[in-house]
Every structure is written in structure tokens, then in C-alpha cells.
Amino acid sequence: MSTPPAIEVRNLSVGYEDINAVRGVSFTVPAGGRIGLVGESGSGKSMTALALMGLLPAGWTAQGEVMHDGLNLVSQSDRALSSRRGRTISMVFQDPMSSLNPVRRVGDQIADVIHRHNGVSRREAVRQTIALMVQMNLPRPEQLARSYPHQISGGQKQRIMIAMALACYPQLIIADEPTTALDVTVQKQVLRLLKAATSERNSALLMITHDLPVIAAMCDTVAVMYAGRIVEYGPVQQVFRNPRHHYTRGLLDSQPTMDNIALDGTSRLVSIPGMVPPLQRLPSGCAFNPRCPAATEKCRAEMPELDRDGAACWHPVQTRETAIA
Amino acid sequence: MISRQPLLAMQQVSQAYSLPRTALFSPPGSFTVLDSIDFDVCAGEAVGLVGESGAGKTTLTRIMTGMERPQSGRVLFDGIDIWSAGQAERADFRRSVQMVLQNPRSSLDPRMRVSTALLEPMRSLRIEGDHVKRLHEVLDQVGLDKSALDRFPHEFSGGQLQRIAIARALMPNPRVLVADEPVSALDVSIQAQVLNLLKDLVRNLNLGLVFIAHDLSVVAYTTSRVSVIAGGRIVEVGQPVELFTRPKAPQTKNLVDAVLTVESGLSGTAL
């Protein structure tokens, strides 16, 4: 018997009045799997994450199914969701400065989570906190646990957040741009830690980011989102090496790499023309058609669904001429 | 074409901020932010400045734009020391060195129409002339339509706003553009557009560009010479590809190691 997936999202839509930020998204995160949701601002990736956590802003509603632990999270009460958050699903947010409580010691904040969900004594919770902090490679954990958030560095704060998210051995961790606010030189450390700690606990990871290299390093599956829909879905190796959607390909081509930098500074990046359409005025048919080099009448008229190779495109990219390798 | 004569040069620039006294009668301590920095840019040349946060990038930017006076060292514009120059030369320097900031959403006033925002530098620098013609010229240079002039910042996307911010910097017809992390707040598919625009401006207008960022690969793409700053000192200067393939200073090596690429991620060598 196979283990049930950590989360299964079926036809999820998220909206506010007549605006739809997420329009019929489906994906599955297998137990212990690592999947990346990549997209630009306005693609609906963060709203998808918030809907999964039951943390949508006031006035926003979610429709569809989010199956987790035998329950459809979309139809659960706030109270039921609240007992799950931090226990079976947890989240690491982008900016650790604004997600930690500035007036409580960081060790106490981790211990709170353990104390509440694991039902252990305060003393035991503190002991587990220190053990977790050791695992997070935090220096002098006993002393650090007594610090306030403003006294420690950004990288340390984000490691505290990860410790908190991992504290109860959740089935799924959602990480929304966990390294975007950090200095480049600590980004790798934090990613390495997140990857090791999740695989050690067999927690599944849903990584949300606009950063393709991060997805390539962290995930085994990727879903590329554009204007609220998944436009390409599949194994990272396949999607990034042989992208079939023109948007995925455009994103890959616009990455500066060592190979497309000319010595004399004459190199030019391929860029995707135009901009992400506002949700109130989405183009008809495939939302990417005004920016797409291969768009035809059909693309303007009909919205493509994901095909069996995982691309939602009427005229998928055939071969990749400019291989990244 | 790159002339040998640097347009804007910093020579042995040092800056220190004083710290509060630790005891009532003790002398106040001081903290050295920049230590004997040499840095220059020529017309038609794009130079990069990279370093971690806290390395001194921002302070150096403030000094090269004349917002801060260094404790020692000289800032030369067109061969003239700006801190001992006369009023006319100072005015010329202020007009000629313009800045583009990281986040256009916070650097543009939300209550100002684009036309007002673009005319702001002309007003504050007291520049006379046919500004309407100049507005159209500048919009054309950054690839925006004239209809943008009557609109407000919230009506634009991040990439368009950064173009407007660049247009505003171009209004007084500067000779040096200082861009502090100009693409890090933008979406990936838009970053390439803005980087290409900056490269075009350097070539077409014979501008000197100082490009400041923490991401080596973005800097390497845009510039032909890069200075690495760490702990208030320039630790290495070189061509971008050289720095990438044969970093000499340990701080450069750290920055090179920090660069994540899709290829290194896919091959499993990234982390």
C-alpha cells in the first residue's frame, strides 16, 4: 500500500469578488516529495499557498478541493484548520523580520509551537527547542534562544522560522520565497538546511518562488504558473531541460548565466516582451498569447488545458535550440 | 568608445561614522565604513560594484552622488574635485550624476503624475528650456508611450515604473547614471528588459553607468569591469568573466559560490 500524498489539490480557484487570482489549479505533492511552484508576481502562486493554509485575506474565497490527511481543507472551519497549522502543515514566510514576534524571545516562540501541538510539558518543549536549534546549525543555541528577533541576523531568523515549521514533524511544509529577503551568501546555507531537514523528517516541501535556480536545486517536480493557471507541470529535469511552454522557455532564456555572458560585454539577454496581464483584464484564450512568439488565432480563442506531456499550449516548443547545458 | 580620462573618479576615499561614547568622559569611538577606496567610471563604460549587505556599497553610492562628503580622499568629476569646486562646477556635477533606485514603487511619489515626476529634477536643478520636447525624447529613449505622462504610478507594472524612474534620471541629460540594485525588485521576465535597456543607454548616449548589485551574474551581464567591495575595501577589480572563473580574493570567491544557476541546480552541484 502506498502512502497517501501529503496534499492533493484539485481544481482550486481563489478569488475576490469578480477577480480570480487562481483559476482551476490541480497538483499533487506526494509524501516526502518536493515540488516547486514558480511564477511572477500576479501569477497566483502565493494565493495558492495561502488557500492551502486557510490563511486567505478577508473577503477572498477558495473553491475546489484541497485533500490533506483525509480532509478537504477548503470546507474546514477556522478552528479545525487552526489545529492543523504548524502541526501537519506549516509554512515558512518570505520575511522573517515580520513573521516573528518582535517582543518574545525566539526560543520561547519555537517552544510555544511544540508545547501547544505536542502536548508536552514546558520544560520538555524547551529541551526539544534547543535540540532543534542545534540541528539548524545555530551557534550557541542556549544563549541564542534567549535573544529577541532584532538581536540576531536575517539568516539566523529564517533558520528559527524553519525550526518552528519543522518542530512538529509536519507532513507538508510550504515555503514562500524563503530566501528572497536574505543576503546572497547565506541563501545557499538556508536552502541546504531546509532540504536536509525536510528529507530527514520525510516532510513534503512545497516551494514557492520566482527564482528558477532555487527550484532547480531544491525540487523534483515543478509547476509553472502564469495568470492564475498552471501552464507547465512535470519533473524539473524534463521541464527545465526541454521546456514545452513558450513562457517557461522565455523564463529560462532570460536568466543570466556564465555561458551567455560575452567577454566584451556585448551579450544580450533574451527577454519576454510585454508584461503580466492584470487579473481584471485577462486576454481571451491562452493568457500568454499577447507575449507569445507562436500565438495563432486558436490561442486567442480557446484556452488550452494541460496535455499529457504537461504543457498547456496549442503549439508547444518542439526542440530546444539553445540548450542551457 | 571608452575614453581613458575617467568621468567620475573616487581617489583614496575613506569614511567613518562616530559611535556614541561608552562612558561619560571617554572619547567617542568611530567606525570605519570605507577605507581608501579607488573607483572610477568613464564615458560609455558600465562598471559594476558588488558586495554583501554591510560591505559599504550604499555609503560609496552616497559619496559618488555627492550626498555625503567623505572624511578623506577626493571625488573628481571631469577632473575637478567637487568638494573644492566653485558653484557652477557643483551645479554641473549635480546635474550630470543621476541615480536610479532599487524599488520604483517607493522612489516615485504615488500622488504625482508621471509628467510631474519627470519634471521634478528640472525644477529642483533649476534647468531652463523646452521641457515638453525633452519629456518626449526621454520617454522614447526608455521605450514608453507618450500616454504615460498623464497617468499615475499605480497604473503601471514594476518594469514600466523602473523605466519611468530611469527616464526621470535621464531628464537633466546626465553623463553618469548610478543604478543601485535596479532590477532586484522586478520579476524575472522583466529584469532582462531593464538590463538590456541600461546597456542600450550606455551605448547610445555614451553614458557612464555604475551598476550596484549583490548578484554577480546580473552585474557580469551588464558591465565590462567589476569591483568587489568587502568590509569597506575594494578587494578585487577585474573583468566579470575573469572574476567568475578565477576569483582571487576570498570574498570574491564567496560571492561566486553564492551564485545559483539552473544548470548547477539540475546537475545537483548547487547546494
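The values are calculated or read from the model by the stated rules, or taken from the named source; none is laboratory data. The structure presented is a predicted model; accordingly, all values stated were derived computationally and were not measured. As a convention, Cβ positions derive from the backbone with ideal geometry for all residues, glycine included, and neighbour counts pool all protein chains shown.
For (1) among the polar types (S, T, N, Q); (2) part of a loop (DSSP other than H, G, I, E, B); (3) under 30 Å from A:SER271 (Cβ atoms), each residue gets a yes or a no:
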{"residue": "A:SER26", "(1), (2), (3)": "yes, no, no"}
{"residue": "A:GLY36", "(1), (2), (3)": "no, no, yes"}
{"residue": "A:SER43", "(1), (2), (3)": "yes, yes, yes"}
{"residue": "A:THR48", "(1), (2), (3)": "yes, no, yes"}
{"residue": "A:ALA62", "(1), (2), (3)": "no, no, no"}
(request) Please find, within segment B:183-197, the residue that is farthest from A:SER254 (Cα to Cα) out of those that are out of contact with any strand residue (DSSP E or B) (no Cβ under 9 Å at 6 or more places or on another chain) and of a type in the set (Gly, Ala, Ser). (result) B:ALA185
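Take the residues in segment A:1-24 that are assigned to a loop (DSSP other than H, G, I, E, B) and of a type outside the set (Gly, Ala, Ser), then tell me which one is surrounded by the fewest Cβ atoms within 10 Å (Cβ to Cβ). Give the steps one after another, and end with the answer.
Initial filter on segment A:1-24 (assigned to a loop (DSSP other than H, G, I, E, B)): A:1-6, A:17-18.
Then drop every residue that is not of a type outside the set (Gly, Ala, Ser), which leaves A:1, A:3-5, A:17-18.
Working: A:MET1: 3, A:THR3: 10, A:PRO4: 14, A:PRO5: 19, A:GLU17: 8, A:ASP18: 7.
Top of the filtered list is A:MET1.
Residues to consider are B:ASN173, B:ASN254; find the one that is more than 7 Å from every other protein chain (Cβ to nearest Cβ) and surrounded by fewer than 22 Cβ atoms within 10 Å (Cβ to Cβ). I'd like the intermediate steps shown before the answer.
Details: B:ASN254 fails: more than 7 Å from every other protein chain (Cβ to nearest Cβ).
None of the others qualify; the one that does is B:ASN173.
On the given criteria, is B:ASP257 among the charged types (D, E, K, R) and at pLDDT 90 or above?
So B:ASP257 fails the test.
Quick check on B:ALA192: is it within 11 Å of chain A (Cβ to nearest Cβ), outside any strand (DSSP E or B) and in contact with a Phe, Trp or Tyr (Cβ under 7 Å, 6 or more places away or on another chain)? Even if it seems obvious, please write down each step before you answer.
Numbers: within 11 Å of chain A (Cβ to nearest Cβ): yes; outside any strand (DSSP E or B): yes; in contact with a Phe, Trp or Tyr (Cβ under 7 Å, 6 or more places away or on another chain): no.
Judged against the criteria, B:ALA192 is not a match.
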(request) Please go through segment B:21-32 and pick out each residue that is in contact with a Ser or Thr (Cβ under 6 Å, 6 or more places away or on another chain) and part of a strand (DSSP E or B). (result) B:SER30
(request) Please verify whether segment A:262-269 includes one or more residues that are more than 8 Å from every other protein chain (Cβ to nearest Cβ) and either at pLDDT below 80 or over 24 Å from the mean Cα position of the chain (by Cα) (or both). (result) yes
(request) For B:SER96, indicate whether it is over 25 Å from B:LEU216 (Cα atoms) and surrounded by fewer than 19 Cβ atoms within 10 Å (Cβ to Cβ). (result) yes
(message) Can you go through A:VAL120, A:VAL66, A:VAL126 and tell me which one is in contact (Cβ under 8 Å) with a residue 24 or more places away in the chain and either assigned by TED's automatic domain parsing to the domain that holds A:SER13 or assigned to a helix (DSSP H, G or I) (or both)?
(response) A:VAL66
(request) State which residue is nearest to B:ASN103 (Cα to Cα) when the search covers only segment A:181-197 and only residues that are crowded, with 17+ Cβ neighbours inside 10 Å and among the basic types (Lys, Arg). (result) A:LYS188
(message) Please go through segment A:166-207 and give me each residue that is more than 12 Å from chain B (Cβ to nearest Cβ) and in a loop (DSSP other than H, G, I, E, B), ordered by number.
(response) A:ALA167, A:CYS168, A:TYR169, A:PRO170, A:GLN171, A:GLU177, A:PRO178, A:ASN202, A:SER203
(request) Sort out which residues of segment B:147-189 are assigned to a loop (DSSP other than H, G, I, E, B) and within 19 Å of B:ILE127 (Cβ to Cβ), and write them in order of number. (result) B:MET171, B:PRO172, B:ASN173, B:PRO174, B:ARG175
(message) Quick test of your reading of the structure: B:GLY231 fulfils all but one of (1) surrounded by fewer than 17 Cβ atoms within 10 Å (Cβ to Cβ); (2) within 12 Å of another protein chain (Cβ to nearest Cβ); (3) over 17 Å from the mean Cα position of the chain (by Cα); (4) of a type in the set (Gly, Ala, Ser). Name the failing condition by number.
(response) (2)
(message) Take the residues in segment A:74-108 that are among the aliphatic types (A, V, I, L, M) and free of Cβ contacts under 8 Å to residues at least 40 places away in the same chain; name whichever of them is surrounded by the fewest Cβ atoms within 10 Å (Cβ to Cβ).
(response) A:ALA80
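For segment B:66-89, does any single residue satisfy the condition of being under 30 Å from B:ASN206 (Cα atoms), in contact (Cβ under 8 Å) with a residue 24 or more places away in the chain, polar (S, T, N, Q) and surrounded by 12 or more Cβ atoms within 10 Å (Cβ to Cβ)? Can you show your working first?
Of segment B:66-89, the ones under 30 Å from B:ASN206 (Cα atoms) are B:66-70, B:73-89.
Those left that are additionally in contact (Cβ under 8 Å) with a residue 24 or more places away in the chain: B:66, B:68, B:70, B:73-79.
Applying the additional criterion that residues be polar (S, T, N, Q) yields none.
No, segment B:66-89 contains no residue that is under 30 Å from B:ASN206 (Cα atoms), in contact (Cβ under 8 Å) with a residue 24 or more places away in the chain, polar (S, T, N, Q) and surrounded by 12 or more Cβ atoms within 10 Å (Cβ to Cβ).
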(request) Search segment A:208-222 for residues that are facing another protein chain (nearest Cβ under 9 Å) and pair each with any residue that is of a type in the set (Lys, Arg) and part of a helix (DSSP H, G or I) when their beta-carbon atoms are under 7 Å apart and the residues are at least 6 apart or on different chains. (result) A:MET218/A:LYS195
